[in-house]
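**Q** Structure in structure tokens, see below.
The values are calculated or read from the model by the stated rules, or taken from the named source; none is laboratory data. Remember, it's a predicted structure, so these values are computed and weren't measured experimentally. Glycine also receives a Cβ, built like all others from the backbone with ideal geometry; neighbour counts cover every protein chain displayed.
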Amino acid sequence: MQGWQSALHAPRVFHTATVLHSGFVLIHAGVAGDDPVGVFDTSTSELYDPGLNETVASNVSAVPRFWHTGTSLPDGSVLMAGGRQLYLDSGLDCLLFNPSTQAWTKPNGQLHTPRYLHTATELANGKVLVTGGQITAGETLSSAEIYDPVTQAWTVTGDLNVARSAHTATLLLDGRVLVVGGWQTKGPTGISELYDPATGTWTPGQDFLYDRHGHTATRLQDGTVLIAGGQNLFAQTLQACLVFHPDSGVWNGVGNLNEARRDHTAGLLYTGDVMVTGGAQKNLEGSVTALKSVEFYNPLTAEWTLGADMNFPRYSHTQTVLPRPFFSEDIKVLVFGGRDDPDGTVPPKFDTRVVWSMELFTSGEVNRAAL
């Protein structure tokens, strides 16, 4: 059996959701509000308690932001990197969140290049690799930096071969990082790259044929990487999916999504399946339709099956696979916030519709037939 439990909640989109060592989830910043007040960027934080299925307010950080990243560090703290403000088109500095005290502090060092719409990936050694993004709306970045949580300092590493933002970056089992797609100055790219932390350099990967942004990238249990959905140069929403094989560097096509989608979310379940929720479709007349559908990818068959719909359509939300207690076989996935307006423009405008709910998916079955 599977199903969704919904709860009304203050609206939030373009926020981060980071799992803490305690199993709680830190929800931070983003864009809040809705008609008739209008939207605004926020610096508020919440802690989601998976035992109670509810959130409690946490301390407010100094600066509102959205399009930032949130990364859990080895010592349990959380690094919030970059982002921008609604009416200030430039990148922001970084903050550290201490879960024990719920205090926000500035690290010793700051990004050499402030940025937003970048990626942040924890490396095998506990350091954090930040890649690409934008410093303003018209300037896409190729630079990359590494954060050392011991010294709280940033160092510059090798530049990407292709400047990009709104891309994905996935840690591979061998310690390299795969960067895929994203937005260049004039449109999406179909170029992938591989970062080697031992040398600090990038190697171009095999083109994966489909220019795309707004896709997801999920490392599967066998070490391959699943790319799902997105939008291409012609503003077409994609059903096509691909799998990257790190050993050979080859891309292979797999089964298509049942519904084309962009700006959706994806998470790896402990069964080995991948769960995709929501997203948006671009219609022929140019408007956007938010989705409430859910799909599961089975890596054994390379096919997708539809699951139980969410109660509310949404895109640009967060999806968090909750830690599984050792005594439980339940799969629990938290979906938080997002937007559902037909305009779909970025950055969000005064009348952007932000979703007023969070939802919890629960499945007590561990076999794929039930999913």
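**Q** Considering each residue of region 174-199, count those that are surrounded by 14 or more Cβ atoms within 10 Å (Cβ to Cβ) and either more than 22 Å from GLY267 (Cβ to Cβ) or touching a Pro at 6+ places or on another chain (Cβ under 8 Å) (or both), and give that number. Let's see the steps before the verdict.
**A** At the first step, the residues of region 174-199 found to be surrounded by 14 or more Cβ atoms within 10 Å (Cβ to Cβ) are 176-184, 188-197.
When the remaining residues are screened for being either more than 22 Å from GLY267 (Cβ to Cβ) or touching a Pro at 6+ places or on another chain (Cβ under 8 Å) (or both), the result is 176-178, 181-184, 188-197.
The number of residues fulfilling the criteria is 17.
A quick yes/no check of all residues on (1) basic (Lys, Arg); (2) farther than 21 Å from ASN311 by Cα:
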{"position": "LEU238", "(1), (2)": "no, yes"}
{"position": "LEU242", "(1), (2)": "no, yes"}
{"position": "ASP247", "(1), (2)": "no, yes"}
{"position": "ALA260", "(1), (2)": "no, no"}
{"position": "LEU268", "(1), (2)": "no, yes"}
{"position": "ASP273", "(1), (2)": "no, yes"}
{"position": "LYS292", "(1), (2)": "yes, no"}
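**Q** Right, SER22: of a type in the set (Ser, Thr, Tyr) and either in a strand (DSSP E or B) or in contact with a Phe, Trp or Tyr (Cβ under 9 Å, 6 or more places away or on another chain) (or both) or not? Even if it seems obvious, please write down each step before you answer.
**A** Details: of a type in the set (Ser, Thr, Tyr): yes; either in a strand (DSSP E or B) or in contact with a Phe, Trp or Tyr (Cβ under 9 Å, 6 or more places away or on another chain) (or both): no.
No: the conditions fail for SER22.
**Q** THR131 versus (1) under 20 Å from GLY30 (Cβ atoms); (2) surrounded by 14 or more Cβ atoms within 10 Å (Cβ to Cβ): which is the lone unmet condition?
**A** Among (1) under 20 Å from GLY30 (Cβ atoms); (2) surrounded by 14 or more Cβ atoms within 10 Å (Cβ to Cβ), THR131 violates only (1).
**Q** I'm trying to understand the selection: among the residues of region 217-266, which are touching a Leu at 6+ places or on another chain (Cβ under 8 Å), free of Cβ contacts under 8 Å to residues at least 24 places away in the same chain and polar (S, T, N, Q)?
**A** GLN239, ASN252
**Q** For region 153-196, give me each residue that is in a strand (DSSP E or B) and among the small types (Gly, Ala, Ser).
**A** Taking region 153-196 first, the residues in a strand (DSSP E or B) are 153-157, 165, 168-171, 177-180, 183-184, 187-188, 192-196.
Passing the criteria: ALA153, SER165, ALA169, GLY187, SER192.
**Q** Taking GLY272, is it touching an Asp or Glu at 6+ places or on another chain (Cβ under 9 Å) and touching a residue at least 40 places away in the same chain (Cβ under 8 Å)?
**A** Values: touching an Asp or Glu at 6+ places or on another chain (Cβ under 9 Å): yes; touching a residue at least 40 places away in the same chain (Cβ under 8 Å): yes.
Against the criterion (touching an Asp or Glu at 6+ places or on another chain (Cβ under 9 Å) and touching a residue at least 40 places away in the same chain (Cβ under 8 Å)), GLY272 qualifies.
**Q** Taking the condition touching a residue at least 24 places away in the same chain (Cβ under 8 Å), under 18 Å from ALA10 (Cβ atoms) and not small (Gly, Ala, Ser), does PRO64 pass? Before you say what the answer is, go through the steps one by one.
**A** Details: touching a residue at least 24 places away in the same chain (Cβ under 8 Å): yes; under 18 Å from ALA10 (Cβ atoms): yes; not small (Gly, Ala, Ser): yes.
So PRO64 fits the description; yes.
**Q** Filter region 46-84 for residues that are assigned to a strand (DSSP E or B) and touching an Asp or Glu at 6+ places or on another chain (Cβ under 8 Å); which is farthest from SER100 (Cα to Cα)? Walk me through it before giving the result.
**A** Quick first cut of region 46-84, residues assigned to a strand (DSSP E or B) only: 46-49, 54-58, 66, 69-72, 78-81, 84.
Remaining after also requiring touching an Asp or Glu at 6+ places or on another chain (Cβ under 8 Å): 48, 55-58, 66, 71-72.
Values: TYR48: 15, THR55: 17, VAL56: 15, ALA57: 14, SER58: 11, PHE66: 24, THR71: 16, SER72: 14 Å.
Here the residue is PHE66.
**Q** Looking at region 83-115, which of its residues are without any contact (Cβ under 8 Å) to a residue 40 or more places away in the chain, among the aliphatic types (A, V, I, L, M) and either crowded, with 18+ Cβ neighbours inside 10 Å or closer than 18 Å to LEU20 by Cα (or both)?
**A** The answer is LEU92, LEU95.
**Q** Just for region 203-219: of the residues that are part of a loop (DSSP other than H, G, I, E, B) and within 16 Å of the chain's Cα centre (by Cα), which one is surrounded by the fewest Cβ atoms within 10 Å (Cβ to Cβ)? Step through it out loud before you land on a result.
**A** Just the residues of region 203-219 that are part of a loop (DSSP other than H, G, I, E, B), to begin with: 205-212, 214-215.
Add one more test, that the residue is within 16 Å of the chain's Cα centre (by Cα), and what stays is 212, 214-215.
Working: ARG212: 29, GLY214: 25, HIS215: 29.
In this case the residue turns out to be GLY214.
**Q** Which condition does HIS28 not pass, out of (1) over 18 Å from the mean Cα position of the chain (by Cα); (2) touching a residue at least 12 places away in the same chain (Cβ under 8 Å), if it passes all the others?
**A** (1)
**Q** Which residues, counting only those in region 311-342, are under 27 Å from GLY255 (Cα atoms), assigned to a strand (DSSP E or B) and not charged (D, E, K, R)?
**A** Passing the criteria: TYR315, THR318, GLN319, THR320, VAL321, ILE331, VAL333, LEU334, VAL335.
**Q** Could you please give the count of residues in region 1-56 that are at pLDDT below 90 and among the basic types (Lys, Arg)?
**A** Of the residues in region 1-56, 0 are at pLDDT below 90 and among the basic types (Lys, Arg).
**Q** Does ASN252 satisfy the criteria of being outside any loop (DSSP other than H, G, I, E, B), more than 15 Å from the chain's Cα centre (by Cα) and either of a type outside the set (Gly, Ala, Ser) or within 14 Å of GLY190 (Cα to Cα) (or both)? Outline the logic, then answer.
**A** On the way: outside any loop (DSSP other than H, G, I, E, B): yes; more than 15 Å from the chain's Cα centre (by Cα): yes; either of a type outside the set (Gly, Ala, Ser) or within 14 Å of GLY190 (Cα to Cα) (or both): yes.
It is true that ASN252 is outside any loop (DSSP other than H, G, I, E, B), more than 15 Å from the chain's Cα centre (by Cα) and either of a type outside the set (Gly, Ala, Ser) or within 14 Å of GLY190 (Cα to Cα) (or both).
**Q** Looking for whichever is surrounded by fewer than 20 Cβ atoms within 10 Å (Cβ to Cβ) and either at pLDDT below 95 or of a type in the set (Gly, Ala, Ser) (or both) here; the options are THR301, THR289. Which one fits?
**A** Numbers: THR301 fails: either at pLDDT below 95 or of a type in the set (Gly, Ala, Ser) (or both).
Being surrounded by fewer than 20 Cβ atoms within 10 Å (Cβ to Cβ) and either at pLDDT below 95 or of a type in the set (Gly, Ala, Ser) (or both) holds for just one of THR301, THR289, which is THR289.
**Q** Can you work out which of the residues in region 151-173 that are β-branched (Val, Ile, Thr) and touching a residue at least 12 places away in the same chain (Cβ under 8 Å) is surrounded by the fewest Cβ atoms within 10 Å (Cβ to Cβ)? Please lay out each step first, then the result.
**A** Just the residues of region 151-173 that are β-branched (Val, Ile, Thr), to begin with: 151, 155-157, 162, 168, 170.
If we keep only those that are touching a residue at least 12 places away in the same chain (Cβ under 8 Å) as well, we get 151, 156-157, 162, 168, 170.
Values: THR151: 11, VAL156: 13, THR157: 19, VAL162: 20, THR168: 25, THR170: 20.
So, considering only residues that are β-branched (Val, Ile, Thr) and touching a residue at least 12 places away in the same chain (Cβ under 8 Å), the one surrounded by the fewest Cβ atoms within 10 Å (Cβ to Cβ) is THR151.
**Q** Let me ask something additional. Being β-branched (Val, Ile, Thr), modelled with pLDDT of 95 or more, in contact with a strand residue (DSSP E or B) (Cβ under 7 Å, 6 or more places away or on another chain) and within 26 Å of PHE361 (Cβ to Cβ) narrows it down to one residue among THR218, THR203; which is it?
**A** Working: THR203 fails: within 26 Å of PHE361 (Cβ to Cβ).
Sole residue among the options that is β-branched (Val, Ile, Thr), modelled with pLDDT of 95 or more, in contact with a strand residue (DSSP E or B) (Cβ under 7 Å, 6 or more places away or on another chain) and within 26 Å of PHE361 (Cβ to Cβ): THR218.
**Q** In region 259-310, how many residues are part of a strand (DSSP E or B) and of a type in the set (D, E, K, R)? It would help to see each step written out before you state the result.
**A** At the first step, the residues of region 259-310 found to be part of a strand (DSSP E or B) are 262, 265-268, 274-277, 280-282, 288-290, 294-298, 303-306.
Then drop every residue that is not of a type in the set (D, E, K, R), which leaves 262, 282, 295, 303.
Adding up the residues that qualify gives 4.
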